[in-house]
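What follows is a short report on a single structure.
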Amino acid sequence: MVGPQQLSERAATSYLLSSGLPAILSDVLASARRSPRRFASALRLAWATRRLGIRGAAKQAAYFVEAARLAEELRRRGVTHLHNHFSDACCTVAMLASELSGVPFSFTLHGPGIFFEAHEWKLGTKIDRAAFCATISSFARAQASLFCSAAGWRRVRIVHCGVTIPELEPHSVRTPGPTRLLFVGRLDQVKGVTVLFDAIAGLLAAGLELELTLIGDGPQRAELEKRSAELGIDDSVHFTGYQGQYEVQEQLQRCDVFVLPSFAEGVPVSLMEAMAQAKPVIATNVGGVTELITDGVNGRVVIPGNVAELRDAILEMLTDEHLRERLGTAGRTRVAADFASDVEARRLVTLFRAVADGTLGNESADEWAERPQPWDEPENGETERAAATEAPPARQV
């Protein structure tokens with residue numbers, strides 16, 4: 001946990017398995033007594049959706065216990081809807097807790113990793129049983145549709161991950177020195193950092209002045225540190241490790257170009273954050289990235305794993321300050337228009353209300369109004385929905 005934001009979120013989080021074994025077992029027994037029929041139905045569902053092998057069955061038993069704990073917690077708090085992020089183990093817990101409690105559940109499908117294990121994690125069953133499934137991109141929605149029924153597909157909706165659109169710092173004269181590249185992400189093979197190192201090695205050998213800062217940590221860090229030394233670029237590559245949100249924003253403000261050379265992605269929030277700061281970005285044509293970036297319009301998109309393409313895109317950015325400014329400005333406009341966190345939050349609330357009203361699923365996903373319904377907040381604190389025909393409040397960029 002780094003920084004006050006993470007610490008405050010941890011303090012506000014309830015941990016299901018932190019109260020000791022007697023309390024957990026008490027909740028399992030209470031759930032069985034409350035509704036033997038639901039308990040038996042949830043046991044059958046747990047058995048049907050277990051992963052293969054003895055290890056899979058043992059883990060499913062643990063998920064069932066956790067689900068019983070969660071079901072009782074929902075009852076104690078008077079919760080009427082359960083929403084879950086990600087689609088693997090925690091979604092199994094949410095699905096079983098819903099079956100035990102009768103509280104409807106929904107989940108957000110991020111990808112792309114889950115699509116490699118969709119059958120193992122019974123993704124289709126989860127979509128079919130959920131009140132709705134929110135996907136972060138059209139790409140994820142299309143992938144989800146491969147595994148669920150036609151009825152389930154009608155309840156798959158797109159809700160982007162979102163970022164806060166910050167006020168830009170007053171424009172200041174850039175201090176002389178090497179062009180500053182920034183990468184933010186997990187140091188893992190999937191992020192393609194070795195390709196970035198090869199591209200940078202070529203640029204430095206050609207006499208260009210640049211430096212790369214990597215924010216993040218992960219299983220590939222030692223290998224990457226060794227690789228940068230082997231390439232002779234370690235004086236120009238800086239590993240900072242994991243950083244808090246404040247430090248990340250500070251580095252975004254300082255950098256000239258943001259680079260994310262991944263082999264697989266959903267729609268990366270790190271790209272959105274860089275674009276929100278009006279920084280030019282270079283990414284790869286994977287997952288839902290092109291739903292965020294149009295090559296040459298609000299950023300650069302290159303073929304994943306292609307060192308020459310990545311090197312040329314970086315070179316273009318390094319040598320053309322006007323291009324950097326144009327792409328950065330267009331990128332900020334794009335994120336503000338379709339990936340702002342307040343708009344996406346309203347979109348999710350619209351879905352929650354549709355579940356409560358019983359109006360979700362009466363239309364296809366294409367017929368569903370993608371723009372969220374706005375609402376007014378009266379002085380008495382009760383939230384009222386505005387007319388569906390009203391437009392969301394305008395946002396100033």
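The values are calculated or read from the model by the stated rules, or taken from the named source; none is laboratory data. Computed from a predicted model, the values in this text were never measured in an experiment. Heads up, the Cβs are rebuilt from the backbone with ideal geometry, glycines too, and the neighbour counts pull from every protein chain shown. Surface accessibility is based on the protein's heavy atoms, side chains included, excluding ligands, DNA and RNA. Shrake-Rupley method; radii C 1.70, N 1.55, O 1.52, S 1.80 Å.
Only Lys, Arg, Asp and Glu carry charge here, each on its Cβ (+1 for the first two, -1 for the last two); on that basis the chain has a dipole of about 2000 debye about its Cα centre. In the frame of its principal axes, the stretch 284-348 has Cα extents of 42, 27, 13 Å, reported largest first. For Arg157, the amide hydrogen comes within under 5 Å of the amide hydrogens of Cys133, Ala134, Thr135, counting only partners 5 or more places away or on other chains and with H modelled in the peptide plane. Relative to the globular-protein estimate of 2.2 N^0.38 Å, the Cα radius of gyration of the stretch 1-115 stands at 1.11. Here the label points at Phe239 and Val190, each 7 Å from Cα along the C-beta direction, are separated by 2.1 nm in the simple model. For Ser138 and Leu323, the FRET efficiency from 1/(1 + (r/R0)^6), where r spans their Cβ atoms and R0 equals 22 Å, is about 0.20. Once the Kirkwood radius over Cα pairs is known for the stretch 8-63, the Stokes-Einstein relation at 10 °C and 1.306 mPa s delivers a diffusion coefficient of 120 µm²/s. In terms of accessible area, using a 1.4 Å probe and ignoring ligands and nucleic acids, Trp47, Trp153 rank largest first as Trp47, Trp153. The mean accessible area for residues of the chain, using a 1.4 Å probe and ignoring ligands and nucleic acids, is 49 Å² per residue.
Report the local net charge at Val297: Lys and Arg +1, Asp and Glu -1, summed over other residues whose C-beta lies under 11 Å from its C-beta.
+2
Placing +1 on each Lys and Arg Cβ and -1 on each Asp and Glu Cβ, with no other charges, gives the stretch 26-110 a dipole about its Cα centre of roughly 240 debye. Kirkwood's formula applied to the C-alpha pairs of the chain gives a hydrodynamic radius of 23.3 angstrom. Taking Lys and Arg as +1 and Asp and Glu as -1, the other residues whose beta-carbon sits under 12 Å from that of Ser41 total +3.
Extent of the stretch 218-319 along its three principal axes (Cα atoms, max minus min coordinate, largest first): 35, 34, 29 Å. For the stretch 48-97, a Kirkwood hydrodynamic radius built from all Cα pairs, placed in the Stokes-Einstein relation at 20 °C and 1.002 mPa s, yields a translational diffusion coefficient of 188 µm²/s. Remark on the stretch 91-148: ratio of C-alpha radius of gyration to 2.2 N^0.38 Å is 1.07. Sorted on the mean count of surrounding Cβ atoms within 10 Å across their residues, most packed first, peptides 157-165, 229-237, 129-137 read 129-137, 157-165, 229-237.
Panel values: the stretch 70-227, Kirkwood radius from alpha carbon pairs, Stokes-Einstein at 25 °C and 0.890 mPa s, translational diffusion coefficient 128 µm²/s. Straight-line reach only, C-alpha to C-alpha below 28 angstrom: list the lysines that Lys279 could link to, leaving out same-chain residues fewer than 8 apart. Result set, ordered by chain and number: Lys191.
Work through the residues other than Val237 whose Cβ is under 9 Å from its Cβ and net out their charges, Lys, Arg +1 and Asp, Glu -1.
Here the count lands on -4.
Placing dummy labels 7 Å off each Cα toward the beta-carbon, the span from Arg33 to Glu117 is 3.7 nm. If the segment from Thr13 to Cys90 were pulled out straight at 0.36 nm per residue, it would be longer than the present Cα-Cα gap by 26.2 nm. A straight Cα-to-Cα reach below 20 Å connects Lys122 with the lysines Lys59, residues fewer than 8 places away in its own chain not being considered.
A crude spin-label estimate for the pair Leu315 and Ala23, with each label 7 Å from Cα along the Cβ direction, gives 6.2 nm.
In plain terms, the chain from Ala150 to Thr294 could stretch by 48.7 nm, reckoned as 0.36 nm per residue minus the Cα-Cα distance.
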